[in-house]
Amino acid sequence: MVRNTLWPELWTVTLAAFLAFPAVAQVDPYDPLKRNVEAFTGMLEQALELDGGLFGLGGERIDSLYLAGHGLVLEVRSNLANARSQLNLVVLNNSVLALRQGDNPFAMLARQSEDEAEDAVDTAISQAGEYARILRDADGVDDDSFEQLRVEIESLRQENRDGVERLRELTEELSASALEQGERFEQALSELTAEMGQLRERAEEMADELREQSESAQLERAERWQQDVASLELGLTGAMCEYGASLRELPANENVTVILNGLGDESSGGGRADLVHTFSKSDLLACAEGAIDPALLGERSGRYSY
């Protein structure tokens, strides 16, 4: 019998072609760009000193997305956005305005009757406590100083409660024996009224002082935050100039859009916009070659809030 010696060879070739076909079919045309972008974002994260934490699980990172025909979109998530959330300038300012009741935050107290004096003191103390909280949130005091303020405010509150209790006791005594206790009651009430007036002045003075400190701390913290954002933007344009040319796989007519998450201008309603920069690849190459400097690169990036 004649054996077909070509069959094993044909089978081997056919099997090899079959096994190779899925590998060829799975090739992603964007794989080179993905690897290029991954290396670039790593350099950018280091340049911006973003702390991704262990295994990249921290809050600071850069997410990437490619839009064919437009280019690369990078979203930078930094701790500055978290700091802004804690600062929440509009909310804090509205709180201060609501508490201030105009230039004098206790103007309402002067319009209250003497029968409401105790409530007025309690209101002033509560406002002092709120200003102390705002001051702490704006990094105006450390934990020890805040605790001391809290103790002082609680002491005022206890004095007010003691005064209210004494007034209640005097009222009960007067009701039980109006004729005999009337003169003594009037004297005791006069003394108590004077004490409550002094307590009210102390509470108002503390709250007014804390208001001024809290407003000053908010402004200082806001200025520091704005300086940090400006520093981040400066670092971004510098890094884009230095490393942008490494995006070799990005088409020449496309862009790199960088979204600084939560760092845009704040609206009157308290909304937090993103800060956007769009760099053309041609500008990135020009900056890398020294034809333009990072400052001009930043100007050409079309900076806006959205």
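Where a number appears in this text, it was derived from the coordinates with a stated rule and is not lab data. Bear in mind that the values here come from a model prediction, so they are computed numbers and not experimental data. Virtual Cβ from ideal backbone geometry, glycine too; neighbours counted across all protein chains shown.
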| query | Mind listing the phi-derived Karplus ³J(HN,Hα) values for the range 41-51, rounded to whole Hz, using 6.51, -1.76 and 1.60 with θ = phi - 60°, and x for any glycine or proline? | reply | 5, x, 5, 5, 4, 5, 5, 8, 6, 7, 9
| remark: Once Lys and Arg are counted +1 and Asp and Glu -1 for all other residues with Cβ under 14 Å from that of Thr237, the total becomes -3
| query | Which of the peptides 204-211, 251-258, 165-172 is most tightly packed, and how do the rest follow, judged by the mean count of other Cβ atoms within 10 Å per residue? | reply | 204-211, 251-258, 165-172
| query | If amide H atoms are built 1.01 Å from N in the plane of the peptide, which residues on other chains or at least 5 residues away come under 5 Å of the amide H of Phe279? | reply | Val256, Thr257, Val258
| Expressed in nm to one decimal, what extension gain is obtained for the pair Asn79 and Leu234 from 0.36 nm per residue of sequence separation less their Cα-Cα distance? | 54.1 nm
| Over the range 207-306, relative contact order from alpha-carbon pairs under 8 Å, at least 6 apart, % | 26
| query | Between Glu49 and His70, what length in nm is gained on full extension when 0.36 nm per residue of separation is reduced by their alpha carbon distance? | reply | 4.8 nm
| request: Just grab the label-to-label distance for Asp142 and Glu205, each label 7 Å out from Cα along the Cβ direction, in nm (one decimal). | output: 2.7
